[in-house]
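Here the structure comes first, spelled out in structure tokens, and everything after it is commentary.
The values are calculated or read from the model by the stated rules, or taken from the named source; none is laboratory data. As the structure is a computational prediction, the values presented were derived from the model and not from experiment. Here the Cβ is made from the backbone with ideal geometry for all residues, glycine too, and neighbour counts use every protein chain on show.
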Amino acid sequence: MNIIDSIILGIIQGLTEFLPVSSSGHLEIGKALLNIKITNNLLFSVVVHAATTLSTIIVFYKDILLIIKDIFKFEWNESTQFAVKIIISMIPVGIIGLFFKSDVEQFFEGDITLVGIMLCLTGILLLFTHLLRNREGGEVTFGRALVIGIAQAVAILPGISRSGATICTAILIGTDRSKAAKFSFLMVLLPIIGATILEMQDYLKQSTTHQDLAINVLIIGFLASFLSGLVACRLMIELVKKGKLIYFAIYCFIVGLIAILV
């Protein structure tokens with residue numbers, strides 16, 4: 001992978017992380033189109049996901065600072081409850097990350113047919129959510145947080161949109177749209193930060209002869225993903241509020257079918 005490839009894939013990641021079209025699926029399609037073959041597939045995916053995580057922190061920094069401030073009051077307040085819900089939502093993906101890491105890596109080896117099928121499933125989920133677009137919702141409860149967390153764990157599969165799966169699941173089980181989007185974007189922060197640290201530790205332990213991803217390629221990909229992610233994050237928040245998910249359902253069906261057929 002060269003610098004141009006990392007810029008293209010970084011932009012793809014940044015734009016598709018927050019839009020409900022599966023960033024991991026698009027990364028796999030992008031690598032196939034660019035004919036990129038690397039052994040550290042999961043490492044690059046984690047690094048560019050870390051970049052969009054930073055985008056999320058920038059966009060929601062006021063909310064994050066308020067939560068941290070309220071937590072240190074050591075009171076059972078709204079922010080503390082929100083933090084506990086985030087922790088609950090992390091349990092499913094944490095279990096997969098700890099015990100099934102090698103199994104997960106097998107899904108990032110360029111199986112475009114699988115990506116296409118999963119994109120179609122994402123489209124179906126978006127379509128169902130669109131049909132309930134006028135439904136009123138409430139808060140993210142502790143039980144809902146766990147269900148949304150399970151949706152996030154399933155979205156590890158390339159082609160299943162993480163933001164789409166978590167936001168749609170939240171809405172379908174009765175959560176307000178804007179609250180669903182906020183929870184979806186904040187719940188991924190700690191898992192991605194943790195995965196990034198673990199992957200970078202493994203990368204730095206390797207000898208340079210076994211590293212087929214240069215550090216400058218990773219940095220450039222990170223920056224491209226971060227900048228495009230800033231734009232996409234703000235855009236997605238508005239789209240979710242307005243209930244414009246049907247267009248992404250159509251897009252997922254089209255790209256998914258093309259991936260399966262071609």
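Filtering the stretch 88-104 to residues that are hydrophobic (A, V, I, L, M, F, W, C) and free of Cβ contacts under 8 Å to residues at least 40 places away in the same chain leaves Leu98, Phe99, Phe100.
Count of the stretch 245-262 residues, restricted to those that are over 16 Å from Leu15 (Cβ atoms) and exposed (fewer than 15 other Cβ atoms within 10 Å of the Cβ), is 5. One residue stands out among those in the stretch 58-71 that are surrounded by 15 or more Cβ atoms within 10 Å (Cβ to Cβ) and of a type in the set (Val, Ile, Thr): the one that is farthest from Met236 (Cα to Cα), which is Ile71.
Of the residues making up the stretch 212-262, those that are within 17 Å of Cys168 (Cβ to Cβ) and aromatic (Phe, Trp, Tyr) number 4.
Total residues in the stretch 197-233 satisfying the condition of being more than 16 Å from Val47 (Cβ to Cβ), surrounded by fewer than 20 Cβ atoms within 10 Å (Cβ to Cβ) and at pLDDT 80 or above: the figure is 2. Residues satisfying the criterion are absent from the stretch 145-162 (criterion: in contact (Cβ under 8 Å) with a residue 12 or more places away in the chain, in a helix (DSSP H, G or I), of a type outside the set (Lys, Arg) and touching a Gly at 6+ places or on another chain (Cβ under 7 Å)). Note on the stretch 1-87: enclosed helices (runs of 4 or more DSSP H) holding 3 or more residues that are touching an Asp or Glu at 6+ places or on another chain (Cβ under 6 Å) and in contact (Cβ under 8 Å) with a residue 12 or more places away in the chain are 41-59.
Just one residue in the set Lys85, Lys31, Lys37, Lys69 is of a type in the set (Lys, Arg), at pLDDT 75 or above and under 26 Å from Ser225 (Cα atoms); that residue is Lys31.
Of all residues in the stretch 40-53, count the ones that are modelled with pLDDT under 80 and hydrophobic (A, V, I, L, M, F, W, C).
Selection size over the stretch 40-53: 4.
A quick yes/no check of all residues on (1) over 23 Å from Leu19 (Cβ atoms); (2) modelled with pLDDT of 85 or more; (3) exposed (fewer than 14 other Cβ atoms within 10 Å of the Cβ):
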{"position": "Ser55", "(1), (2), (3)": "no, yes, no"}
{"position": "Asn77", "(1), (2), (3)": "yes, no, yes"}
{"position": "Gln81", "(1), (2), (3)": "yes, yes, no"}
{"position": "Phe99", "(1), (2), (3)": "yes, no, yes"}
{"position": "Cys120", "(1), (2), (3)": "no, yes, no"}
{"position": "Gly123", "(1), (2), (3)": "no, yes, no"}
{"position": "Leu126", "(1), (2), (3)": "no, yes, no"}
{"position": "Glu136", "(1), (2), (3)": "yes, no, yes"}
{"position": "Ile150", "(1), (2), (3)": "no, yes, no"}
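Taking the criterion of being surrounded by fewer than 24 Cβ atoms within 10 Å (Cβ to Cβ) and either closer than 22 Å to Ile12 by Cβ or modelled with pLDDT under 85 (or both), the residues of the stretch 161-184 that qualify are Arg177, Ser178, Lys182.
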